[in-house]
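The values are calculated or read from the model by the stated rules, or taken from the named source; none is laboratory data. On a predicted model such as this, the values are computed, not experimentally measured, just so you know. So basically every Cβ, Gly included, is an ideal-geometry build from the backbone, and we count neighbours across all protein chains shown. Side chains included, ligands, DNA and RNA excluded: accessible areas come from the protein's heavy atoms. Shrake-Rupley method; radii C 1.70, N 1.55, O 1.52, S 1.80 Å.
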Amino acid sequence: MSSNPFKPPQFGWRSSEGAPSLSEVHRSVAVPKSLGFWRKLLAFSGPGYLVAVGYMDPGNWATDLAGGSAFGYTLLSVILISNLMAILLQSLCVKLGVVTGRDLAQACRDHYSRPVAVGLWLLCEVAICACDLAEVIGSAIALNLLFHIPLVWGVCITALDVLAVMYLQNKGFRYIEALVITLILTIGACFFAEIVFSRPDVAAALSGFIPRFEVVQNTKMLYVAIGILGATVMPHNLYLHSSIVQTRKYEQDDAGKAEAIKFATIDSSVALMFALFINAAILIVAAATFHTRGQNDVAEIQDAYKLLSPMLGVPIASALFAMALLASGQNSTLTGTLAGQIVMEGFLNIRLRPWLRRLITRLIAIVPAVIVTAAYGESGTAKLLVLSQVILSMQLSFAVIPLIMFTCDRGKMGRFVTRGWIKVLAWITAAIIVALNAKLLLDFAGLTAWIAGLVTR
């Protein structure tokens, strides 16, 4: 038997929990049992906002700008559906982390053979590199727009976020959460102002939240839609959330875990509604400013920056746009650094000094970003940002399916196993993700028309 005092009460795992990821902050935020509802909710609030950051990173900006300028308000329905999927999947992450004491990476290492676990780790690293590419390029673009710093130097500057993570984490995890929430509020305030400036057609915007079959039929629209899906439901966030939810020190009995699941799920659901607002705001501003004026190909963040103020007649509009982008990029790199550490520790069970772990995981992500930025420069950043989100979407299945399998397994979850309609919704979500990605691959390979021809014969 394991000597770990926090071992799970069920026996569906092959090994004991072992050391937690982010061990320096594990169970470091106390949640006294005597607190009332609102104070307890406040104590659990924080991890959800770190997760929400990944749903409003610069990759979202590229896909939302492309979708809004090209197709107006139509893809708002994709943002809404993606956000609902995210709320469901993140609630499963909460349940996995709280009940089993494992993050998703550790659960995969325990459940699968070593070769499969290493394969999943490599796929996850590819996803983190793609995600970091979007975050770093977004921050670099913002620095270039605001201070005229060259893109490559901007990428290098954003790499220093690892120092901020190390400093704040040594002071306490609550400091990281406070910084992240402050930056989210900054982004939200900037885009609230942009919506006021752009004066969108409210009725048309509301109708955009109604799903349309046209999204699946139109290959170009589907490409951007899957980019939005990849930018919204982030694979690395599933690993991140299942780990950082364990920073709370709650009672380890069934009642304590049930309460922790309830409050942590409220936390993430509220935080993801902020992400929904910001993503929808970006697309609405793009649709109201560019699409309605015939500018249907504004996918470059730099072009959006240059055109916003002249088109809206508001001098500060472009500056607010760049400030929000910088806040978004820096926020995302903070959480990306944590996710990289969790993934490496969880899949490989590597135990290094905290500063060395973060440096290694940061370099894995930052080096490709520097190379790509230097090679493509300013002209290709929008295509790279959208492509990075499509890559993320392709990786989603390899994180979502294990997550649903584990949380629907009574042997692993005990009385907290996912039941009934939630299980059905979870598998429908996974099926939609797999089907959309398969459709996109067939379209790119030119096989869709060929298969349709065979069916109609």
- Message: Looking at VAL116 and the list (1) modelled with pLDDT of 95 or more; (2) among the hydrophobic types (A, V, I, L, M, F, W, C); (3) farther than 18 Å from ALA52 by Cβ, which single condition is not satisfied?
- Response: (1)
- Item | Every residue from region 126-153 that is more than 22 Å from the chain's Cα centre (by Cα) and of a type outside the set (A, V, I, L, M) | ASN144, PHE147, HIS148, PRO150, TRP153
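What are the residues in region 73-82 that are surrounded by 22 or more Cβ atoms within 10 Å (Cβ to Cβ) and in contact with a Leu (Cβ under 9 Å, 6 or more places away or on another chain), if any?
Initially, region 73-82 is screened for residues surrounded by 22 or more Cβ atoms within 10 Å (Cβ to Cβ), giving 73-76, 78-79, 82.
Selection gives TYR73, LEU75, LEU76, VAL78, ILE79, SER82.
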- Task: Check every one of the helices (runs of 4 or more DSSP H) wholly within region 80-189 and list those with 1 or more residues that are of a type in the set (D, E, K, R) and closer than 18 Å to SER332 by Cα.
- Result: 114-147, 161-171
- Query: When you go through LEU133, LEU179, LEU145, LEU168 one by one, which is the residue that is hydrophobic (A, V, I, L, M, F, W, C) and open to solvent by 50 Å² or more (accessible area, probe 1.4 Å)?
  - Reply: LEU179
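Among the candidates ILE266, ILE278, which residue alone is of a type in the set (Val, Ile, Thr) and more than 15 Å from VAL53 (Cα to Cα)? Give the steps one after another, and end with the answer.
Details: ILE278 fails: more than 15 Å from VAL53 (Cα to Cα).
Only one candidate qualifies: ILE266.
Restricted to region 389-420, and to residues that are among the polar types (S, T, N, Q) and open to solvent by less than 10 Å² (accessible area, probe 1.4 Å), which residue is nearest to ASP57 (Cα to Cα)?
Going through region 389-420, the residues among the polar types (S, T, N, Q) turn out to be 389, 393, 395, 397, 407, 418.
Narrowing further to those that are open to solvent by less than 10 Å² (accessible area, probe 1.4 Å): 389, 393, 407, 418.
Values: GLN389: 10, SER393: 14, THR407: 28, THR418: 30 Å.
Checking each candidate, the answer is GLN389.
Consider ALA203 carefully, then state whether it is open to solvent by 10 Å² or more (accessible area, probe 1.4 Å), without any contact (Cβ under 8 Å) to a residue 60 or more places away in the chain and over 18 Å from the mean Cα position of the chain (by Cα).
So ALA203 passes the test.
Identify, please: which residue in region 62-72 is open to solvent by less than 10 Å² (accessible area, probe 1.4 Å) and within 19 Å of the chain's Cα centre (by Cα) and is, among those, nearest to SER139 (Cα to Cα)?
To start, the set of residues in region 62-72 that are open to solvent by less than 10 Å² (accessible area, probe 1.4 Å) comprises 62-65, 67-69, 72.
If we keep only those that are within 19 Å of the chain's Cα centre (by Cα) too, we end up with 62-65, 67.
Working: ALA62: 13, THR63: 16, ASP64: 17, LEU65: 16, GLY67: 21 Å.
Filtering first and then ranking leaves ALA62.
Between THR219, THR186, THR247, which is open to solvent by less than 10 Å² (accessible area, probe 1.4 Å), of a type in the set (Val, Ile, Thr) and over 18 Å from the mean Cα position of the chain (by Cα)?
Values: THR219 fails: open to solvent by less than 10 Å² (accessible area, probe 1.4 Å); THR186 fails: open to solvent by less than 10 Å² (accessible area, probe 1.4 Å).
Checking each option against the conditions leaves just THR247.
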- Determine which member of the set ILE261, ILE284, ILE342, ILE350 is in a helix (DSSP H, G or I) and surrounded by fewer than 24 Cβ atoms within 10 Å (Cβ to Cβ). ILE261
- Query: From the set of residues in region 389-424 that are among the β-branched types (Val, Ile, Thr) and over 22 Å from the mean Cα position of the chain (by Cα), which is nearest to GLN252 (Cα to Cα)?
  - Reply: VAL417
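For GLY59, are the conditions met, namely being at pLDDT 85 or above, open to solvent by less than 10 Å² (accessible area, probe 1.4 Å) and either assigned to a helix (DSSP H, G or I) or in contact with a Ser or Thr (Cβ under 8 Å, 6 or more places away or on another chain) (or both)?
Details: at pLDDT 85 or above: no; open to solvent by less than 10 Å² (accessible area, probe 1.4 Å): yes; either assigned to a helix (DSSP H, G or I) or in contact with a Ser or Thr (Cβ under 8 Å, 6 or more places away or on another chain) (or both): yes.
When the stated conditions are applied, GLY59 does not pass them.
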- Task: Have a look at ALA140, ALA178, ALA189 and point out the one that is modelled with pLDDT of 85 or more, more than 21 Å from GLN341 (Cβ to Cβ) and among the small types (Gly, Ala, Ser).
- Result: ALA189
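I'd like to check something: does region 113-125 contain any residue that is surrounded by 24 or more Cβ atoms within 10 Å (Cβ to Cβ) and within 14 Å of the chain's Cα centre (by Cα)? Quick ask: steps written out before the conclusion?
Restricting attention to region 113-125, the residues satisfying the condition of being surrounded by 24 or more Cβ atoms within 10 Å (Cβ to Cβ) are 124.
Right, trim to within 14 Å of the chain's Cα centre (by Cα) and you get 124.
Within region 113-125, one or more residues are surrounded by 24 or more Cβ atoms within 10 Å (Cβ to Cβ) and within 14 Å of the chain's Cα centre (by Cα).
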- Taking region 157-169 and keeping only residues that are over 18 Å from LYS249 (Cβ atoms) and either polar (S, T, N, Q) or at pLDDT 80 or above (or both), one is left with ILE157, THR158
